[in-house]
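Since the structure comes first, as structure tokens, the remarks are kept for the end.
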Amino acid sequence: MATKVHVGMETEMNGNGVPETFKNNWKKRLIEFSGKMKRSPGWLWRTIWKVGREDPRRMIHAFKVGLSLTLVSLLYLMEPLFKGIGTNAIWAVMTVVVVLEFTAGATLCKGLNRGLGTVLAGSLAFLIEFIATKSGKVFRAVFIGAAVFLIGTTATYMRFFPYIKKNYDYGVVIFLLTFNLITVSSYRVENVLKIAHDRFYTIVIGCGICLFMSLLVFPIWSGEDLHNSTVGKLEGLAKSIEACVNEYFNDSELKENQEKSSEDPIYKGYKAVLDSKSTDETLALYASWEPRHSRHCYRFPWQQYVKVGAVLRQFGYTVVALHGCLLTEIQTPRSVRALFKDSCIRLAGEVTKALMELANSIRNRRHCSPGILSDHLHEALQDLNTAIKSQPRLFLGSNNNQANNMLALAAAHAARHNKPENDGHGVSLSSVKTDSSALMEWKTKRASEQAKENERKVLRPQLSKIAITSLEFSEALPFAAFASLLVEIVARLDNVIEEVEELGRIACYKEYNPEEDEIIVKCEKPPVDVAKNQLPTHASD
């Protein structure tokens, strides 16, 4: 059978009738695949090194999981343990895989949820079984089915309660699973009590190994992660503000960073703050389950850390707007920006110092310096105010020139719209023309209409931009926005300082000592209203 070739296509055939282009594509793909396979070992090693270097605790956690699985596998490998537990030892392995998390708080949360759900489900299942055995077989089946329906519906509906969903959702799932396994199995299996005991023991063994590894072997605390992330967010905001102001007053041309925003150091500084809401809430939840492991055994103020994170996000929105001033379409000329360079850089430097002082106070668990809002910040604000007042015409402009510019724009706009246009009252002669001439005329008319429409679409943004740039004070508008955002940052700094000071009071931070010769600890019991704002104490507390 001859190979069909479409008209206009030139295909070379080899001896077997296979297109030559198809063969060349496969050769190219094989070469690319072999090149990727050769580069994969190096890529894999770089990825392993990068992940471990970012957080060395990841390697520690991996070893802890491997050691836990090895210990729980002894229930199978050692003959005496296997005879006592049997095949139910697989529940211990499953418990280790599911429960052992990265931080101690997460492991405690899941482990205690699993244990509590198993105990409650087993107790309720034995109660249902005790009532069902006193009746006939038919009534027993109906009673078990009704109990499964009622308990399953109630427990599933309770999962939608905000407090239960936040703290005990995993425990409710384990409760449903265990209850159904025991209740339904009891109808066909006579010795269900022994099976339940064995599964409960294996789950307890698995949870015990997980808790031992999480709390005693290189423990990783969720509270410490929340503490360190708060410090990192303060430092990131400080670096973003400093880099943003320096770039705005840089003598070189501003570069477009829209396509490479992920590589922008300014963007990196505030990105972690804006994306921290879910992370802070998760770490705070796990920290609430952790035991009091601090030096003074006071409860970890996880709720106050969440408040600090919320204030930092509000502060970060202003930094985002400040960064947007670098990417606006209309920029203030460098000659105008140079008039306010020193005062703005000085103000940004004082804000950066304040944020770094807050970060250091949280890192070292001490109260803030009394001079965090020094007179230098007030002087920098006054310098900026004086510099702006010294250039009134730059921001207000001249009323006469402004009026003339606006009148000129209005006249040009009216003249453009009052041009005589063809209103369509002329006689159309297309009916007496030939078909070809009428078609050509219609195409020409259609092309001219499309050209006018495209020109109108392009003209509209150009006219709006011209209208803006024709204003006398348009060159100062972008800088006015930039300066107002700097002042707004200073205003919002008070809220951040207030929340950090409250954190230091609740967490019993040591008093500030510039020489650090002695550590003065001032701990006062939190007032009643602060204690009421905290969530109810968990069983692990």
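Label separation (Ala321 vs Lys194): 7.3 nm, computed from points 7 Å beyond Cα along the C-beta direction. Per-residue Karplus couplings for region 358-369, computed as 6.51 cos²θ - 1.76 cosθ + 1.60 with θ equal to phi - 60°, are listed in order as 5, 5, 5, 5, 6, 4, 8, 6, 9, 6, 5, 5 Hz, Gly and Pro entered as x. Residue order by solvent-accessible surface for Leu384, Leu177 is Leu177, Leu384, largest first, with ligands and nucleic acids left out and a 1.4 Å probe. Dividing the radius of gyration of the alpha carbons in region 125-198 by their Kirkwood radius gives 1.04 for Rg/Rh.
Between Lys134 and Asn180, how high is the FRET efficiency from 1/(1 + (r/R0)^6) when r is the Cβ-Cβ distance and R₀ = 22 Å? Nearest 0.05. Please report the intermediate quantities before stating the final value.
Working: r = 22 Å, r/R0 = 0.98.
After rounding to 0.05, the efficiency reads 0.55.
Is region 76-222 rounded, prolate or oblate when judged by the Cα gyration tensor, a ≥ b ≥ c being the square roots of its eigenvalues, rounded requiring a/c under 1.5 and prolate requiring a/b larger than b/c?
Oblate shape, in that a/c is at least 1.5 and b/c is the bigger or equal ratio.
Only protein heavy atoms count here; on that basis, with a 1.4 Å probe, Cys368 has an accessible area of about 20 Å². When the pairs Lys239/Lys307; Lys165/Lys233; Lys110/Lys510; Lys134/Lys194 are compared against a 26 Å limit on Cα-Cα distance, Lys165/Lys233; Lys110/Lys510 fall above it. Between Ala141 and Val173, the modelled labels are 3.3 nm apart [label points 7 Å from Cα along Cα→Cβ]. The calculated FRET efficiency for Phe249 paired with Glu54, based on their beta-carbon distance and R0 = 45 Å, is about 0.85.
Peptide packing for 90-98, 275-283 was compared via the average number of neighbouring C-beta atoms within 10 Å per residue; ordered from the highest value, the list is 90-98, 275-283.
Taking the average, over residues, of other Cβ atoms within 10 Å as the packing measure, peptides 223-232, 151-160 rank 223-232, 151-160 from highest down. Largest accessible area first, the residues Val490, Val142 order themselves as Val142, Val490 under a 1.4 Å probe with ligands, DNA and RNA left out. Shown here for region 297-336: trypsin sites (Lys or Arg not before Pro) in loop regions (DSSP other than H, G, I, E, B) with at most 12 other Cβ atoms within 10 Å, of which there are none. What FRET efficiency comes out for Ala481 versus Val231 if R0 is 25 angstrom and r is the Cβ-Cβ distance? Round to the nearest 0.05. FRET efficiency, Ala481 to Val231: 0.20.
For Arg363 and Gln314, the difference between the fully extended length at 0.36 nm per residue and the C-alpha to C-alpha distance is 15.5 nm.
The values are calculated or read from the model by the stated rules, or taken from the named source; none is laboratory data. Everything quoted here is computed from the prediction, not taken from an experiment. For neighbour counting, all protein chains shown are included, and Cβ atoms are generated from backbone atoms with ideal geometry for every residue, glycine included. Keep in mind that these areas ignore ligands, DNA and RNA; they rest on the heavy atoms of the full protein, side chains included. Shrake-Rupley method; radii C 1.70, N 1.55, O 1.52, S 1.80 Å.
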